[in-house]
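The values are calculated or read from the model by the stated rules, or taken from the named source; none is laboratory data. Quantities reported herein were computed from a predicted structural model and do not represent experimental measurements. So basically every Cβ, Gly included, is an ideal-geometry build from the backbone, and we count neighbours across all protein chains shown. To get the accessible areas, we keep the full protein, side chains included, count just its heavy atoms, and leave off ligands, DNA and RNA. Shrake-Rupley method; radii C 1.70, N 1.55, O 1.52, S 1.80 Å.
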Amino acid sequence: MRINTLLIALFCSLQALVAQDRISSPKLYLNIVVDQLRTDFLYEFSGLYGEGGFKRLLSGGRVYPNAYYAFENIDRASATATLSTGTNPYVNGIVGERWLDRNTLRTVSCVEDRKYKGVYSISPFAPTKLKAITITDEIKRASRGRALVCSIAPDEDAAILLGGHAADIVLWKNNSAGYWSSSSYYGLYPQWAADFNKQVQGCAVKWEPLFATTDYDNFGEAAPEPFLYSYDGKNKVKEYKTTACINDEVTELALSFLRSTEAGKDDVTDCLSITYYAGNVNGKPMEERPLEVQDIYARLDRNISTLLKELDGSIGLENVVISFSSTGYVMESGDGGAKYRLPSGTIYMERALALLNVYLSAIFGKADYVEGVNGAQLYFNNRLIEKMKIDKKEIISRSIEFLKSLDGVEEVFTIYNLSGTLSPELQYAKNGYNASCSGDVWLRLLPGWKIAESTLSETNEVYRTPVMFPIVIFGQGVEPRVVEEMTPANILAAEMARLLHIRRPNDNCLRIYR
């Protein structure tokens, strides 16, 4: 009798713990990623912020101010995929926004899939090239499909990669008419988004400073002239998406989602992922647009404050967990080095390809052994090499010798020298490689050098600089503190899985030390 009583008591205790765990699960996970936001600017511009946005997150959350990506050639897509999966491109398959398709020698988008149709767009997109499971996929799986998952971003790659494979709603602003678009992959387009498209009609009318220009003094310059931008012409949407206006619009669309759906209204954890922009304006160097850059951060602070206020009123921030992070790079000006007599230069990849083919032809017989380039990567004609019965390792070795002799090349990598036990530096290079889409050989340039794919222009230049960025985790179950150590971006998926009481995405095996 006594044993039965003890068993019943133990069973009741376990049931109480299970119930308590269910109650403690957040009702909503808000995932905010800001393209090109950097830690130094976030703190430097704090005089422009109110109390309800950045300051609230930084003071009330767990803050990792020195986060980084553990691979090379970071861009918006590779960073976003890493945040959402907790894995590097070597595993998740997203090495960049675009790469060369070996079968067609056509540059393709990382989210292109012609089996699907665009909605409010003619472009076919889907997450099928993403090889790893995302934290949002695990949210759907843990809830047996009941969780509502929505992702909103200015560009399709960020929206789709943050949404994952199992998202319900994924929206991005297309570059033609400026409508918020989606894909047939996600099923029916939501009516609230269609209503929003009717209201927006392309781009905002204008963008001008939020405050008096004398308030924007973080770079020590004299009070600059106020700016006023309006948007028209062929590339107006692309230009618009590099301004503070796109962040205002993303916020409004996010509010429409929260007010028009049942997200956060029950005990199932739903997810809203949104992407903002904090980079340079229309590709102009930051030094030429200091007022605009500061205004982007100031307005972004207001956007964050608006979202937090909405969630506090409708769901209660005590029922929400929020992550805030960045893509961890900035687009740099391509001409500043020469202007100030700094070490710099340009490698024209078309020219390098042609010269390499001439060099290899002199050794192995006349042929086009390298058939394409994309950024700093070269793609070899594997069918030709096999047909001519040439040892590929030998032709790669000869190519490395030649490419290392080019001005501006610091190192040349190939999968053959990235196998076995690697140094941290070589592992860093390997993490950004994936056999399905990376080139056979890729270059690391000296500081200050850039890539131009065309010899006629430098419009396709590759000149991204990694920067330290913050990861902030805020809300239910999070104790405020600052972690000053260098922190890999992979930590975010692991930490969110812990807070949401779900398993980590597959291959996210990073050990977390608390």
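In the chain, helices alone account for a calculated mean residue ellipticity at 222 nm of -10500 deg cm²/dmol, with every DSSP H run of four or more residues adding -39,500 (n - 2.57). Distance from the C-alpha centroid of segment 159-210 to that of segment 244-286: 10 Å, rounded to the whole angstrom.
Is segment 262-310 best put as rounded, prolate or oblate by its Cα gyration tensor, with a ≥ b ≥ c the root eigenvalues, rounded for a/c under 1.5, and otherwise prolate when a/b is larger than b/c, oblate when not? Walk me through the intermediate numbers first.
Working: a/c = 6.50, a/b = 2.74, b/c = 2.37.
Judged from the Cα gyration tensor, segment 262-310 comes out prolate (a/c at least 1.5, a/b above b/c).
What number comes out for accessible area per residue over the chain if the probe is 1.4 Å? Units Å², please. It would help to have the intermediate numbers written out before the result.
Numbers: 23380 Å² over 514 residues.
Averaged over the residues of the chain, the accessible area is 45 Å².
A Cβ-based charge dipole, computed about the Cα centre of segment 348-452 with Lys and Arg at +1 and Asp and Glu at -1, lands at about 200 debye. Over segment 89-143, Cα pairs under 8 Å with separation of 6+ residues give a relative contact order of 30 percent. Under 22 Å of direct C-alpha separation, and excluding same-chain neighbours fewer than eight residues apart, LYS309 reaches these lysines: LYS27, LYS55, LYS265.
Leaving ligands, DNA and RNA out of it, rank HIS501, HIS165 by accessible area with a 1.4 Å probe, largest first.
Working: HIS501 90, HIS165 60 Å².
Ranking HIS501, HIS165 by accessible area, largest first, yields HIS501, HIS165.
Selection among ILE502, LEU58, LEU360 by position relative to the dipole of the chain gives ILE502 as farthest towards the positive end (Cβ unit charges, Cα centre). The angle between the Cα long axis of helix 290-314 and the longest principal axis of the Cα atoms of the chain comes to about 30 degrees, rounded to the nearest 10.
Is segment 346-462 best put as rounded, prolate or oblate by its Cα gyration tensor, with a ≥ b ≥ c the root eigenvalues, rounded for a/c under 1.5, and otherwise prolate when a/b is larger than b/c, oblate when not? Taking the square roots of the gyration eigenvalues as a ≥ b ≥ c, segment 346-462 is oblate.
Do any of LYS131/LYS241; LYS238/LYS450; LYS173/LYS234; LYS129/LYS392; LYS206/LYS236; LYS198/LYS236 go past 20 Å between their Cα atoms, and which? Cα-Cα > 20 Å for LYS131/LYS241; LYS238/LYS450; LYS129/LYS392; rest within. For the chain, the longest principal axis of the alpha carbon atoms and the long axis of helix 491-500 meet at an angle near 20°.
Quote the charge dipole size of the chain about the Cα centre in Debye, to the nearest 20; the model charges only the Cβ of Lys and Arg (+1) and of Asp and Glu (-1).
Working: 55 positive and 62 negative charges, 361 e Å.
The calculation lands at about 1740 debye.
Placing unit charges on each Cβ (+1 for Lys and Arg, -1 for Asp and Glu) gives the chain a dipole about its Cα centre, and among SER438, GLY328, PRO424 the Cα reaching farthest toward its positive end belongs to SER438.
Cα gyration tensor of segment 464-507, axes a ≥ b ≥ c as square roots of the eigenvalues: rounded (a/c below 1.5), prolate (a/b > b/c) or oblate? The partial results should precede the final answer.
Numbers: a/c = 2.64, a/b = 1.31, b/c = 2.02.
In terms of gyration-tensor shape, oblate.
All other residues whose Cβ lies under 9 angstrom from that of TYR229 are scored, Lys and Arg at +1 and Asp and Glu at -1, for a net of -2. Using a cut-off of 14 Å between beta-carbons, work out the net charge of the residues near ARG383 (Lys and Arg +1, Asp and Glu -1, ARG383 not included). Here the charged neighbours net out to 0.
Leaving ligands, DNA and RNA out of it, rank ILE315, ILE122 by accessible area with a 1.4 Å probe, largest first. Numbers along the way, then the final one.
Numbers: ILE315 20, ILE122 165 Å².
Per-residue accessible area, sorted high to low, gives ILE122, ILE315.
Ordering PRO343, PRO127, VAL200 by the projection of their Cα atoms onto the charge dipole of the chain, which places +1 on the Cβ of Lys and Arg and -1 on the Cβ of Asp and Glu, puts PRO127 at the extreme positive end. Just to confirm a number: summing +1 for Lys and Arg and -1 for Asp and Glu over residues other than CYS150 whose beta-carbon lies under 9 angstrom from that of CYS150, what do you get? Summing Lys/Arg as +1 and Asp/Glu as -1 gives -2.
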